[in-house]
Structures are given as structure tokens and as C-alpha cells.
Amino acid sequence: MREIHLDTPFGRLAGLRFGHGGVPVLALHGWLDNAASFLPLSAHLHGLDLVALDLPGHGASAHLPPSADYTLVAAARAVLSAADTLGWSTFSLLGHSMGGATSTLVAAAAPQRIERLALIEALGGLTEAEDRTATRLREAFAVHGEPAGARRRVFPDVAMAVRARLQAGGLTEAAARPIVERGLAPAAEGGFTWRSDARLTRPTAVRMTEGQMRDVIAAIECPVRLVHAVPAFRFFPADARDARAANLRTVEVVGIEGGHHLHMEIPETVAAAIGPFLRGEH
């Protein structure tokens, strides 16, 4: 494993690169996570040139300028820019949660570049009903002028930050620690604070409708392996998951008992479900 930095139009993107040669795969993490979320899984994925990115505003990657919004479309464009910088004309994608939503958009927008798509706890992103479009826009604009990070929490040590992350739920301490360690920066007054962009927690101004998201999913041309938690996570309910998956041309859906971050907590099991697929073995 080694730390990498990629200079792109979206700023310098950081990441972790695992393996030497093999099938090129970009791994995309969930909201407010970072590349370290793939550390447990990487130990069980062989034959891959696996690059786990810190998406813009996350981990050690640059924040977007104040004039730019954090959206799935912007993240998808950043991913393609990262692949360009790596010199990858074609590659596969591995995405968890928000990273899976971003991967969905990349695969639909640039089908000629994506060989395979492995998704963990995601297929497409969060959507909005048409009759809430203006309400969502107003909510986003209402906080637009607020200074980002003005009241960021400062932790006296890493252990306290880990405990704070555990309070958000969904992770064991062993799984939370690498994400937290990568996600912290020294605070000016001493201690540590989150280095992710505080604007990531603001409301998204515009979301697709469910019909639009399913149209995006239907445009994916590559084979898809979809791994989901059993029981279903609240942001990825079974009925919505199955309705979306029905729009895919080639998909295998695999349910595994675990939580939303099952790739961190039972990585060997998840690797067995996606590793051969990403290597093109079946």
C-alpha cells in the first residue's frame, strides 16, 4: 500500500494504492468516510491494481472552491479526472454507499470506460419527489452564505474522535479507527478536528427524481455485482433496491448478513463476493 496524489481539475486528490499491476479498479467510499474504509477489504482482494480515492472534500483530498457545490455529478466528473491522471482509459469501479451512488453515475455517463461495476450498499443515490424540488432548493440556499466550519468540534485526542464517530452508529471501534485517523487534522488551538469540508453536511440543492435515477441505472452497460446488507439498511430499503436492480441489463445481487459497513466488518466474506467478479473470472 502506498499514498498517492493526483493533480486534477478538481484539485489534488489523495488516495491509497494497493497491489502492483492487475486489473485497474477505482474504489469510492461513502459520505464523510475516506479511502481508509477499504483497508480491511484490500487485504482480501488479489490480482487488482486497486486505487481507493479520497473524494473531493474528504480525507486528504482538496476541498472544492466556495463557488462549487458537492453533488454526485461533480464527484463523478472528479472520478473520471482521477482515472485520466492515472492513465486509465478503461477500468472497473468499486463503490460503497455514496461512493456506489457516484459509481452508478460514472458507469451510466461513460459506459465505454467502465468494464465492471461492484456496488456495496448502493445502486444510484438519494432521490427527491418532484413536489419537494422548490423546498429543497430553499433549504440549501438558506445556509449558502454561512461560513463553513465556523463551529467545528475539536477533539483532545484521536480516541475521543473515534468515540464521536461510534456515536453516529453503524461501525465497530476497529472499523471506525482507520477512517477517523485519516479524517483528522491538527487543530490550530491544539487537538484535532475533522479535515473534511464542513459544506458536505449542508443540504443538496437539487436531487434527481426516482424516475430519473432509474433511467440512469438503465443506461449502465457493464456487468454489475450488487452486495447488500441483511437486514436492509434504512437508506437502501429492499423494495427500492429491487426495483432499481430490475432496470439493469446484467446484474447479480448478493445479500450478506451484516451492517451498512459490512465491507469493513466482514471483509473476507465481501471480498469473496466481489473479488472474482472484478478480476473477470465470472
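The values are calculated or read from the model by the stated rules, or taken from the named source; none is laboratory data. Note that the structure is a prediction, hence the values are computed from the model and not measured. Counting neighbours? That spans all protein chains shown, and the Cβs are built from the backbone with ideal geometry, glycine included. Areas reflect the complete protein model, heavy atoms only, side chains present, ligands, DNA and RNA absent. Shrake-Rupley method; radii C 1.70, N 1.55, O 1.52, S 1.80 Å.
Structure summary
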quantity: In sequence order, calculated HN-Hα J values of segment 160-177 (Karplus, 6.51, -1.76, 1.60; Hz; x Gly/Pro); calculated: 5, 5, 4, 4, 5, 5, 5, 5, 6, x, x, 9, 7, 5, 4, 6, 6, 4
quantity: Pairwise label distance in nanometres, Ala159 with Arg138, each label 7 Å out on the Cα-Cβ vector; calculated: 4.8 nm
quantity: Check: the chain dipole with +1 on Lys, Arg Cβ and -1 on Asp, Glu Cβ, in debye; calculated: 420 debye
quantity: Phi-based couplings in Hz for segment 61-78 (Karplus 6.51, -1.76, 1.60; Gly and Pro marked x); calculated: 7, 5, 7, 5, x, x, 7, 10, 9, 7, 9, 5, 5, 4, 5, 4, 5, 5
quantity: Gain upon complete extension [Phe235, Thr250; 0.36 nm per residue less C-alpha separation]; calculated: 3.1 nm
quantity: For segment 124-186, with +1 on Lys and Arg beta carbons and -1 on Asp and Glu, the positive-most of Ala134, Met160, Ala175 along the dipole; calculated: Met160
quantity: Simple label model, 7 Å out from Cα along Cβ direction - Arg2 to His46, nm; calculated: 2.2 nm
quantity: Highest-first arrangement of 228-234, 78-84, 55-61, 265-271, where packing means the average Cβ count within 10 Å; calculated: 55-61, 78-84, 265-271, 228-234
quantity: Heavy-atom surface of segment 208-282, accessible at 1.4 Å and reported per residue (Å²); calculated: 47 Å²
quantity: Segments 105-115, 236-246 sorted - mean Cβ within 10 Å per residue, highest first; calculated: 105-115, 236-246
quantity: At R0 = 22 Å, FRET efficiency that the Cβ-Cβ distance of Thr209 and Ser67 yields, to 0.05; calculated: 0.25
quantity: Dmax and Rg, reported as Rg then Dmax, of segment 5-160 (C-alpha, Å); calculated: 16.7, 50
quantity: 3J(HN,Hα) from dihedral phi, segment 242-252, Karplus parametrisation 6.51/-1.76/1.60, rounded to Hz, x for glycine, proline; calculated: 5, 5, 6, 4, 5, 8, 7, 7, 9, 8, 10
quantity: Antiparallel %, DSSP beta bridges [both residues in the chain], to 5; calculated: 35 percent
quantity: Most mobile of Thr135, Thr90, Thr104 in a GNM of the chain (Cα contacts under 10 Å); calculated: Thr135
